[in-house]
Amino acid sequence: MTRRRPPPRPRRSTCDTRQDKSGGRLRLIGGEFRRRLLPVLDSPGLRPTPDRVRETLFNWLVMTTPGARVLDLFAGTGALGLEALSRGARETLFVERDVRVAQALRTNVVTLGAEQRGRVVTDDALAFLDTPPADASTPFTLVFLDPPFRQQLAQPCCERLERGWLAEAAYIYLETESELDPQVPDSWQLHREVRAGDSTGRLYRRLTTARS
């Protein structure tokens, strides 16, 4: 009698979603919503920040996130902005261009009961930043910037953030393709850096005065 071999185990994904037939599930890893699983769309181009990188990032921001006013640009699944809400951010504004992805993110905010602190805007990130801030008196203290790779979007977004969007000592997390050496404003000082696969995440601290 021939013994049947068991089917091979599927390879583990390096992203922060667990795949199923309808798309995937996002797992929040810390704070109020720790271990909550949220559905995400199976949409081309979605590139969630991996769990390991997310955990590292929020360890760096452990003293910064509580009470922060957060801007999550190119939000996608909202992995970073939702994690910030879970860890005590006062407010997160998500900006996502894709209508379906934005609606799925909006549903997840409601599912968490965080609609009083999380708001989703369906808009192109550059177009959004070209509009003067609605409330310039309360700029953002923490920004997540994760543009699509190899589309030359990082630099123009960084430049536009300096048009009244940032608090004096804001933190900015920029995730790009690893081969890119991003050009950022002189007032941003590199604080920490992490690499995962073909991406590199850089956490900057905005200084009150530009570097000489």
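Every number in this text was worked out from the coordinates using simple rules, so none of it is lab data. Small disclaimer: the values here were computed from a predicted structure and weren't measured. Reconstructed Cβ throughout: ideal geometry from the backbone, glycine too, with neighbour counts over all protein chains shown.
Where both bridge residues fall in the chain, DSSP classifies roughly 55% of the beta bridges as antiparallel.
Between residue 115 and residue 181, the C-beta separation translates, for a Förster distance of 41 Å, into a calculated FRET efficiency of about 0.55. Which of rounded, prolate or oblate describes the range 139-211 when judged by the alpha-carbon gyration tensor and an a/c cut-off of 1.5? Verdict is prolate for the range 139-211. First check a/c for the range 17-206, with a ≥ b ≥ c the square roots of the eigenvalues of its C-alpha gyration tensor; if it is under 1.5, answer rounded, and if not, answer prolate when a/b is larger than b/c or oblate otherwise. Rounded is the answer for the range 17-206, as its axis ratio a/c remains below 1.5.
Oblate is the label for the range 47-89, because the ratio a/c of its alpha-carbon gyration tensor axes (a ≥ b ≥ c) is 1.5 or higher and a/b is not greater than b/c.
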